[in-house]
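Where a number appears in this text, it was derived from the coordinates with a stated rule and is not lab data. This one's a predicted model, so the numbers in the text were calculated from it and none came from an experiment. Cβ placement follows ideal geometry from the backbone for every residue including glycine, while neighbour counts extend to all protein chains displayed.
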Amino acid sequence: ETGVTQTPRHLVMGMTNKKSLKCEQHLGHNAMYWYKQSAKKPLELMFVYNFKEQTENNSVPSRFSPECPNSSHLFLHLHTLQPEDSALYLCASSRGGRDTEAFFGQGTRLTVV
Amino acid sequence: AQKITQTQPGMFVQEKEAVTLDCTYDTSDPSYGLFWYKQPSSGEMIFLIYQGSYDQQNATEGRYSLNFQKARKSANLVISASQLGDSAMYFCAMPPYNTDKLIFGTGTRLQVFP
């Protein structure tokens with residue numbers, strides 16, 4: 001059983017829809033991350049939260065809106081997406097610090113039609 | 001800026017054999033660390049092993065070991081006694097200076113055959 005749980009695992013949405021991705025970690029970590037993995041591209045960091053505060057936004061378009069209500073939960077709100085936003089969205093958490101590993105969820109496979 | 005390079009898009013290895021997956025990096029950070037992750041077809045990124053630049057010995061975790069050559073800026077992953085379940089994508093990653101996020105390489109797809 002993974003310590004980081006993402007829901008849903010698969011999502012198909014139209015360009016005018018609004019949906020949310022959810023991430024929950026049961027590891028007591030203080031840092032949470034959203035990554036995007038597109039076909040044939042390296043993983044791209046989107047957002048970083050430390051102790052519920054956003055500490056990094058990697059020039060992500062505003063149609064992606066993160067929310068971190070507490071250290072255990074992270075959301076990614078989606079609206080008016082484009083087909084090129086179709087990708088695997090991975091959530092991760094860590095204790096923070098450069099020598100600590102991040103634990104990842106299984107990801108949400110998003111398809112925008 | 002940090003850069004991670006994985007030059008092998010795909011590798012094949014026979015079951016029970018050892019395989020080396022290459023990773024080179026470029027950084028001006030005096031102290032850094034390197035991570036290796038495995039991503040099976042299910043999508044989850046699984047942490048395998050970590051090596052800090054000041055660690056005196058190469059890291060080992062079960063069948064995984066790091067061939068860390070600081071002067072050559074390489075941190076190759078060695079998997080011994082390959083198993084069919086080792087078939088997956090493998091990513092090398094490191095955090096940029098003064099951050100705890102990770103920058104990933106493009107990955108190597110390993111296929112283990114009987």
Inset, instruction - Grab the strands (runs of 3 or more DSSP E) fully contained in segment B:39-114, keeping just those with 3 or more residues being within 19 Å of residue A:42 (Cα to Cα) and touching a residue at least 24 places away in the same chain (Cβ under 8 Å). - result: B:74-79, B:88-94, B:108-113
Legend entry - Filter result for the condition that a residue is crowded, with 20+ Cβ neighbours inside 10 Å, farther than 30 Å from residue B:9 by Cβ and either in contact with a helix residue (DSSP H, G or I) (Cβ under 7 Å, 6 or more places away or on another chain) or in contact (Cβ under 8 Å) with a residue 12 or more places away in the chain (or both), over A:33, A:49, A:89: A:49
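Can you say whether residue B:7 is surrounded by fewer than 17 Cβ atoms within 10 Å (Cβ to Cβ), of a type in the set (Ser, Thr, Tyr) and not in a loop (DSSP other than H, G, I, E, B), as far as the supplied structure shows?
Values: surrounded by fewer than 17 Cβ atoms within 10 Å (Cβ to Cβ): yes; of a type in the set (Ser, Thr, Tyr): yes; not in a loop (DSSP other than H, G, I, E, B): no.
Against the criterion (surrounded by fewer than 17 Cβ atoms within 10 Å (Cβ to Cβ), of a type in the set (Ser, Thr, Tyr) and not in a loop (DSSP other than H, G, I, E, B)), residue B:7 does not qualify.
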Legend entry - Residues located in segment B:16-38, provided they are more than 10 Å from chain A (Cβ to nearest Cβ), surrounded by 14 or more Cβ atoms within 10 Å (Cβ to Cβ) and in a loop (DSSP other than H, G, I, E, B): B:22, B:23, B:27
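May I ask you to say which residue of A:59, A:94 is of a type in the set (Ser, Thr, Tyr), within 28 Å of residue B:105 (Cβ to Cβ) and surrounded by fewer than 17 Cβ atoms within 10 Å (Cβ to Cβ)?
Values: A:94 fails: surrounded by fewer than 17 Cβ atoms within 10 Å (Cβ to Cβ).
Unique residue meeting the criteria: A:59.
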